[in-house]
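The values are calculated or read from the model by the stated rules, or taken from the named source; none is laboratory data. Just so you know, these numbers come straight off a predicted model, no measurement behind them. Backbone-built Cβ (ideal geometry, glycine too); neighbour counts: all protein chains shown.
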Amino acid sequence: MSTISTQLRNFKEPTKDQLTHVFFSIPEAPPVPAKDKEKHGSGEVETMEINAILSLGAQGVEDSYAGKLYLLPPYLAFSSLDRKSVRFTLPLSTVRRVERLNARAGVYALSLSTWHGMKIIVQLTSLRPTADLFCSLLREALKVELQRGQMKAVKGFVKTCYSEGLVSASGVSENEREDGSLITETKDGSPPPEVEFHGGLGLQFKFPGDPKKLREASKIKLWTTYLKNHGRNLTLLRYPQCTRLVQVGLPNRLRAEMWETLSGSIYLRYSNPGVYHQVLLDIEGKSSTSFEDIEKDLHRSLPEYAGYQADEGISALRRVLQAYSNRNPEVGYCQAMNILAAAILIYMSEEQAFWLLEVLCDRLLPGYYSTTMHGTLLDQRVFESLVARCLPMISDHFQEVDVQLSVASLPWFLSLYINSMPMVFAFRIVDCFFCMGPKVLFQVGLAILKINGEKLLQIQDDGGFLNLMREYFASLGDSAHPESADPRARAITRFQELLLISFREFAVITDDTILSERRKYRNEIVNSIESFNKRSAVRNLKTLGRFTKDQAGFIYDALYKAMCEVPPPPTAAPLPLLLTTANEGNQERVETRIGLQTFRVFLSEILTWARNERIVINGFQQRIDREVAEHELIVRLFYFWDESCKGSLSFQDLVYGLDGVMFNDLMENIEWFFNLHDKNKDGYLTKDEVLTLSESFLFIFRYEIGDAYLGAVSKFMTNAFEYGDSLLPHQTDGETGETGPQQIGHNQPYLNLATFRMVVLADEVLESFFETDLSASFRLDPVPDLELPPASSGFLGDLWSNIATQDNKKIFHKLSDELGKTIGKHQILYRPIIGRLTKLEEPTARESLISPSSIKTPLSGGSSDTLAASNSSSTLVVDALSNQDNDGPSSALASAAFSPMPHFRAVNAAFMERTPFAIDDAGDDDDDDSDLEMIDVDNDDQVMDEVDAFLEAHDSGLSEADKELAKDLLNASPVK
């Protein structure tokens, strides 16, 4: 059973609008239901961007920054000019008031008040008409949000966020420990008060690491100050200080909220209330292959964490993974997804983890957790390229000793380093990943290799590479400079050194770098995956029949090309059984089957009479236009091969069907053609079926030269009815006394196989057709490489790809044809299908019928070359073009140099077992503090020291005069 997917071929480069949505972590807008359109109008508001200067309403809190303000209903977003210093994404439902400010002449400024009481000053620096248009669109967008009632949902939603209680007057709850976990029992024995905000398993089972060593108290103080001045959850403004705080490490209790805010999953949870719980209701009692795989991996998901040694943790993990696999059946469940879900459930509630998993799999790491893992393989190829560019000595050494970089790096990327290093450090990398994007994975990977460069140059095999990495990760908490005389240098850990090198020395690795490299290697990865899938599909066939593996590969190529041109309808899962046994509970993957339209295209690739080939000559060019032929014979062949009566064909069905005709001899071909037209399989053809069979002959011979084939069909019909009538019972007419065949209906049995064989053998042309031409018309030739979406290659490359499209080629051909007609040089020739006869010949009838036993001309061999060579040439100028048409690059699924197999083996090996690290053990409040003598826990500023070394200066993009004007606007009054 084969599952064939053409999804990789459907990839399109993201548009500018899509990249903007990804940058601001804005989810794609779902389609508006028709009833909501009628109730609230279309709800569609134009998007717009405008130059602007952003200032906070509080004096002296932050500098002003120049950038662009984006209206992306239902969101308002801003980004500084460098696209990294400042940005925010505000749901319009959190904007409570918009006022225009009195300012100097020529200055257009707005004051925005958010739900959390924060005041934002936006100076629109574009021309006045542009600013007026932006304000008009903003007004319309706010009206739409008001009509939808979304503004009423903000109050209830923000109560689920921990930051609301953190910045309130009451501060942190009294029943929290220092690490953020909840105290389950009070001193008087009464149950603790319930909390409204969401949280993960860490509230009950504690969070990894020692809170004092992690400086949880200091981090909470710093974040509390930041959130009070810069908004929180839905209204968070991301200034440079936010990135610094994230790089230091998020506090345990704030980590869940910041992950979903930085990633944008908070907007999905906000706009889809109750969806997760509805999904849980929908999957109750269901079973699937994904559910079976999930069950196998549950107890292998961070088993060292206490939460997953209890039923509460395992049940939560099961629900989240099953809910996601049901919501996204195309992805379902992939290995390593359990590690991610288990990690984020330590900090996040089930609903939060569900939406974050969707953002991870669909937007942040697309293709990582699909069945082909094409995103992972692509990024591994990109990582190898970056290693060769930045660390050439290591790359060269790995090639010399044949060490696979992906053996270690693939698990790093798949699990976001969670499965490779201690969790307390891996979560620091995950913090930066959600804040700064996927480039962090590459920067950290390069830094790991650079730090261990000298030792890596001494390894000789994959095992030594893995052992070295394992030892390094186990020592991340040790001092990077233990022999230094400077106590501050000794206090720097190896993990701090890793971050320092990642973000300082490899800052040249940007988002644009990653996108560019992905475009460069995408086609290579797609071809290698398709080649792997092709070999798997051929290997999974129950039988090859008389085909070789290469020939079966040609059939696969033709099928794959047909599926790309006419995608088959989505395959429905089998209906659930009322009674299931233990064996029936395991549902297999749904087999890929094609419908009639896809079958027409497939058949046109391998069967000459299933396509029309026109040779067009117009004085400017000579080309061959191929189109799919349509006839009842093709439909009849489709259902003839559908022996299971499912109305569709699988890869195995096609192999069976072709095997039943391509290797036949004369008598077998005659029987095959007879059975093809015997609708009820009773061994007889009716008169209607004889006429249908004659029409099939005319369809096959439609482009042959001369009247020989036409005459052969005419004589066939005459002989068929003559021999058929002669075999019918004779009766005597009572009135005339004449004796003749008995009259039967058109749907009565009329002509049997033996008579049909005699009729065919009575004609030399038909005998020749069944002897060689029928089987030879099925040609298994290599399919030319399929065109993949072109990679961007600069302005000229993009310009050419936009010009050289299929639609433009058709326009050019049509124009050249019209010009050819004008000058009288337009000519169309149809390529003969058989091409055996090259001159006008009258068909000759045999004097006597040939005995079947004297015909011994079996089709030789099994190679496609022999099949193709049996077709005779025509005297038209077609032969010169036929080679040109069939020749071309090797198959699109030919084996590529980049093989995915080592990567899949690396995944299986890496996720079977995770090395436990002692540093991940949750700390106790009563632990001895002797090991903290070197740390001043009361100095919050010291927490920031470890990132100050690699922070970049942020340019506001404003002159001194612009800064003064921005300060004046802080005190400006609204326009009345």
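General remarks:
- Count of the range 626-654 residues, restricted to those that are in a helix (DSSP H, G or I) and touching a residue at least 12 places away in the same chain (Cβ under 8 Å), is 13.
- Residue ID - modelled with the highest pLDDT, chosen from residues in the range 941-974 that are among the small types (Gly, Ala, Ser) and assigned to a helix (DSSP H, G or I): Ala961
- Only one of the numbered conditions (1) buried (at least 21 other Cβ atoms within 10 Å of the Cβ); (2) under 22 Å from His746 (Cα atoms) is violated by Ile700, and that is (2).
- Just one residue in the set Ala388, Ala343 is touching a residue at least 60 places away in the same chain (Cβ under 8 Å) and either under 19 Å from Arg519 (Cβ atoms) or more than 15 Å from the chain's Cα centre (by Cα) (or both); that residue is Ala343.
- Residue within the range 483-501 that is under 22 Å from Arg381 (Cα atoms), among the charged types (D, E, K, R) and assigned to a loop (DSSP other than H, G, I, E, B) present: no
- Residue in the range 84-92 that is over 17 Å from Phe24 (Cα atoms), charged (D, E, K, R) and out of contact with any Gly (no Cβ under 7 Å at 6 or more places or on another chain) present: no
- All conditions in (1) in contact with a His (Cβ under 7 Å, 6 or more places away or on another chain); (2) within 25 Å of Leu340 (Cβ to Cβ); (3) surrounded by fewer than 18 Cβ atoms within 10 Å (Cβ to Cβ); (4) not hydroxyl-bearing (Ser, Thr, Tyr) hold for Arg470, with the sole exception of (1).
- The range 44-62, residues that are surrounded by 19 or more Cβ atoms within 10 Å (Cβ to Cβ) and either touching a His at 6+ places or on another chain (Cβ under 6 Å) or not β-branched (Val, Ile, Thr) (or both): Ala52, Leu54, Ser55, Leu56
- The set of residues from the range 609-628 being touching a Phe, Trp or Tyr at 6+ places or on another chain (Cβ under 8 Å) and either surrounded by fewer than 21 Cβ atoms within 10 Å (Cβ to Cβ) or at positive phi (or both) comprises Asn612, Arg614, Ile615.
- The set of residues in the range 360-418 being in contact with a helix residue (DSSP H, G or I) (Cβ under 7 Å, 6 or more places away or on another chain), among the small types (Gly, Ala, Ser) and outside any helix (DSSP H, G or I) consists of Gly367, Ser415.
- Residue selection: Leu72 fails the criterion of being out of contact with any Phe, Trp or Tyr (no Cβ under 9 Å at 6 or more places or on another chain) and free of Cβ contacts under 8 Å to residues at least 60 places away in the same chain.
- Residues (among the polar types (S, T, N, Q), part of a helix (DSSP H, G or I) and out of contact with any Lys or Arg (no Cβ under 9 Å at 6 or more places or on another chain)) located in the range 655-693: Asn669
- Here Phe442, Phe425 are screened, and the one residue that is in contact (Cβ under 8 Å) with a residue 24 or more places away in the chain, crowded, with 23+ Cβ neighbours inside 10 Å and within 24 Å of the chain's Cα centre (by Cα) is Phe442.
- When residues of the range 305-338 are limited to those that are under 13 Å from Glu295 (Cα atoms) and among the β-branched types (Val, Ile, Thr), the one surrounded by the most Cβ atoms within 10 Å (Cβ to Cβ): Val320
- Any hit, the range 326-334, residues being outside any loop (DSSP other than H, G, I, E, B), within 24 Å of the chain's Cα centre (by Cα), modelled with pLDDT under 95 and small (Gly, Ala, Ser): no
- Residues in the range 507-526 that are among the hydroxyl-bearing types (Ser, Thr, Tyr) and assigned to a helix (DSSP H, G or I) were compared, and the one that is surrounded by the most Cβ atoms within 10 Å (Cβ to Cβ) is Tyr521.
- Among the residues listed as Ile514, Ile509, Ile451, the single one being in contact with a helix residue (DSSP H, G or I) (Cβ under 7 Å, 6 or more places away or on another chain) and more than 25 Å from Arg363 (Cα to Cα): Ile451
- Candidate set: the range 668-696, residues that are hydrophobic (A, V, I, L, M, F, W, C) and surrounded by fewer than 20 Cβ atoms within 10 Å (Cβ to Cβ); chosen: the one nearest to the chain's Cα centre (by Cα): Leu676
- All of (1) in a helix (DSSP H, G or I); (2) among the hydrophobic types (A, V, I, L, M, F, W, C); (3) under 19 Å from Leu203 (Cβ atoms); (4) in contact with a Phe, Trp or Tyr (Cβ under 6 Å, 6 or more places away or on another chain) hold for Leu317 with one exception: (4).
- Criterion applied to Val22, Val45, Val32 was being under 30 Å from Leu124 (Cβ atoms), at pLDDT below 75 and of a type in the set (A, V, I, L, M), and the one residue passing it is Val32.
- Any chance Thr580 is assigned to a loop (DSSP other than H, G, I, E, B), at pLDDT 80 or above and not hydrophobic (A, V, I, L, M, F, W, C): no
- The lone exception for Arg97 - which of (1) charged (D, E, K, R); (2) over 24 Å from Ser163 (Cβ atoms); (3) modelled with pLDDT of 90 or more it fails: (2)
- Filter result for the condition that a residue is modelled with pLDDT of 95 or more and not assigned by TED's automatic domain parsing to the domain that holds Leu302, over Val382, Val403: Val382
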